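See structure below.
The values are calculated or read from the model by the stated rules, or taken from the named source; none is laboratory data. Bear in mind the structure is a predicted one, so any value in this text is a computation, not a measurement. Ideal geometry is used to build each Cβ from the backbone, glycine not excepted, and the neighbour counts take in all protein chains shown. Accessible surface is based on the protein model in full, side chains and every heavy atom, while ligands, DNA and RNA are left aside. Shrake-Rupley method; radii C 1.70, N 1.55, O 1.52, S 1.80 Å.
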Amino acid sequence: FKFAFVSAALATLAVATPAPRSEPASSCTTGPIQCCNTVEPASASSAAAILGILGIVLQDLNVLVGLTCSPISVIGLGNGGCSAQAVCCDDNSAGGLISIGCVPVTL
């Protein structure tokens, strides 16, 4: 009985937890594709701290943000020169410290 309960609970959790979608790099229309050291929800403590320091208030704390990002300039070399997470973000105006509205991309 325990095994069945645990299996059902894990299955429910897997269904309830959305997986980040990944799009082809060619579908990025918001700016340059970036390589971010970390990509996490805005509600995560490290992202929330940087957003607070910069005075950025977001309505949706589930939006993905990229931390410590830099543009990827050479696409076509393996993973595009990104050893972390390649993303396409809506707002890259914080100078690479944080990028807002990110979607993982496949290079």
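I'm trying to understand the selection: among the residues of segment 93-102, which are farther than 9 Å from residue 66 by Cα and either open to solvent by less than 20 Å² (accessible area, probe 1.4 Å) or touching a residue at least 12 places away in the same chain (Cβ under 8 Å) (or both)?
Across segment 93-102, the qualifying residue is only 94.
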Can you pull out every residue in segment 81-92 that is in a loop (DSSP other than H, G, I, E, B), open to solvent by 70 Å² or more (accessible area, probe 1.4 Å) and within 20 Å of residue 46 (Cα to Cα)?
none
Based on this model, can you work out whether residue 11 counts as of a type in the set (A, V, I, L, M), open to solvent by 50 Å² or more (accessible area, probe 1.4 Å) and at pLDDT 90 or above?
no
Matching residues, segment 22-55, being touching a residue at least 12 places away in the same chain (Cβ under 8 Å), open to solvent by 50 Å² or more (accessible area, probe 1.4 Å) and under 13 Å from residue 94 (Cβ atoms):
54
Name the residue that is modelled with the lowest pLDDT, counting only residues in segment 64-80 that are closer than 14 Å to residue 46 by Cβ and open to solvent by less than 30 Å² (accessible area, probe 1.4 Å).
69
